[in-house]
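**Student:** I have a structure I would like to understand better, so I am pasting it below and will then ask my questions one at a time.
FYI, it's all coordinate maths here, none of it is from the lab. Everything numeric here is computed off the predicted structure, so don't read it as measured data. Note that we place each Cβ from the backbone using ideal geometry, even for glycine, and neighbour counts take in every protein chain shown.
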Amino acid sequence: MRLRTSGLRPMTHPRETLVLIRPTCKENLTECNVLHTVSGLVTVLFVAPVMAFATSGCTGASPQPRVAPGHEVGEVFRDCATCPEMVVVPSGTVLLGTPKSQVPPGVGRGSEAQRWAPIDAAFAAGVYEVTFAEWDACVEAGGCRGYSPRDGGWGRGTRPVINVNFRDAVAYARWLSETTGHDYRLPTEAEWEHAARAGSRTLRFWGDEEAEQCRYANGYDATGFAAKPHPIARPADCEDGYAWTAPVGSFAPNPFGLHDVLGNVKEWNNDCWRHPAKPANVIDLLGWFCINGRVTRGGAWGSIPSLLRSAWRGAPSGGTRSSAIGFRVVRTLDPSS
């Protein structure tokens with residue numbers, strides 16, 4: 001059931017244009033992994049198919065942003081009364097990562113290395129992070145494994161759900177899929193950063209400056225410092241009024257119409273964490289478990305300004321439940337949707 005159709009949202013950041021020319025494929029996190037040589041059997045089963053895909057699907061000119069029939073880029077919809085509000089994000093090619101000269105001190109060497117990633121089809125992303133109200137609706141309907149996470153005393157309702165691990169987030173997406181008949185899931189790293197950047201090539205979708213943080217993101221600022229002073233961490237020089245989580249949508253959205261992609265809570269991604277310049281390992285590819293942890297993105301209410309960046313990457317264990325971690329869902333668009 002659609003709530004409204006907003007037509008076309010601005011597709012570019014005022015400082016930069018979305019890259020729509022697809023370069024020769026290099027390393028990226030999911031779509032075009034370059035695999036190392038392993039045993040002959042593994043080479044046949046994994047390397048050849050992936051390399052064939054990279055050769056056939058990751059070079060040449062990128063098509064203009066497109067969507068499945070019945071959807072338009074920027075369209076906002078909701079599939080059920082208690083489902084998350086979604087917005088259609090365009091396809092394109094995104095430059096992931098951070099220029100070496102702009103990587104803050106303390107960030108792992110090369111962990112934000114720049115690389116191109118093609119987003120071959122439009123998809124829908126949650127306008128907001130999944131809220132406690134949406135999670136509680138899942139539990140009441142018999143889903144989400146019956147788990148009711150603690151809210152830390154900060155409130156439920158429209159605040160982002162916290163204290164949910166990777167498997168909890170997957171269970172919610174599975175319940176949405178079963179309830180609506182559509183494919184809901186967690187985003188890949190490439191999809192997440194594409195949606196978060198919204199065409200920008202700066203450190204944050206609003207620019208390189210930290211000064212506007214309190215307009216766009218709930219992070220560690222003067223409000224947070226007053227509630228929980230840190231002897232070393234430097235807060236942003238502004239006040240957003242929220243020491244902990246904020247109700248979703250309290251801050252201005254990015255040009256794709258997504259709120260809180262930076263700050264509020266870190267968001268689970270579907271990918272295993274790996275160094276961008278190194279090949280994926282076979283265990284991660286088989287999907288048994290992630291050797292180096294699952295990816296989280298976006299930073300949280302307690303993140304210092306230097307961590308609230310589009311390319312920032314976390315790597316907690318998939319079983320981690322934290323007051324700083326939540327998630328956002330995406331939905332595959334299909335012709336019948």
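**Student:** Over the stretch 40-332, calculate the relative contact order: mean separation of alpha carbon pairs under 8 Å at least 6 apart, over the residue count, as a percent.
**Tutor:** Result for the stretch 40-332 is 21 percent.
**Student:** Rounded, prolate or oblate: pick one for the stretch 210-277, where a ≥ b ≥ c are the square roots of the eigenvalues of its C-alpha gyration tensor, a/c under 1.5 means rounded, and failing that, prolate if a/b is larger than b/c, else oblate.
**Tutor:** Oblate, because a/c is 1.5 or more while a/b does not exceed b/c.
**Student:** Let me ask something else. Mean projection of the alpha-carbon convex hull of the stretch 123-235 over all orientations, in nm²?
**Tutor:** For the stretch 123-235, the mean projected area of the Cα convex hull comes to 9.0 nm².
**Student:** Also, I was wondering about something else. Length gain on complete extension for the stretch residue 174 to residue 72, per 0.36 nm per residue less the alpha carbon to alpha carbon distance?
**Tutor:** 34.2 nm
**Student:** Let me know the volume per residue of the alpha-carbon convex hull for the stretch 187-337, in Å³.
**Tutor:** Taking only Cα atoms, the stretch 187-337 has a hull volume of 143 Å³ per residue.
**Student:** Would you mind working out the magnitude of the charge dipole of the stretch 40-332 relative to its Cα centre, with +1 at each Lys and Arg C-beta and -1 at each Asp and Glu C-beta, to the nearest 20 Debye?
**Tutor:** 820 debye
**Student:** Here's another thing I want to ask about it. Using 1/(1 + (r/R0)^6) with R0 = 22 angstrom and r between the beta carbons of residue 208 and residue 121, what's the FRET efficiency to the nearest 0.05?
**Tutor:** 0.15
**Student:** From the residues 155, 113, 141, which one has its Cα farthest along the dipole of the stretch 99-155 in the positive direction, the dipole being from +1 and -1 charges on Cβ of Lys/Arg and Asp/Glu about the Cα centre?
**Tutor:** Toward the positive end, the furthest listed residue is 113.
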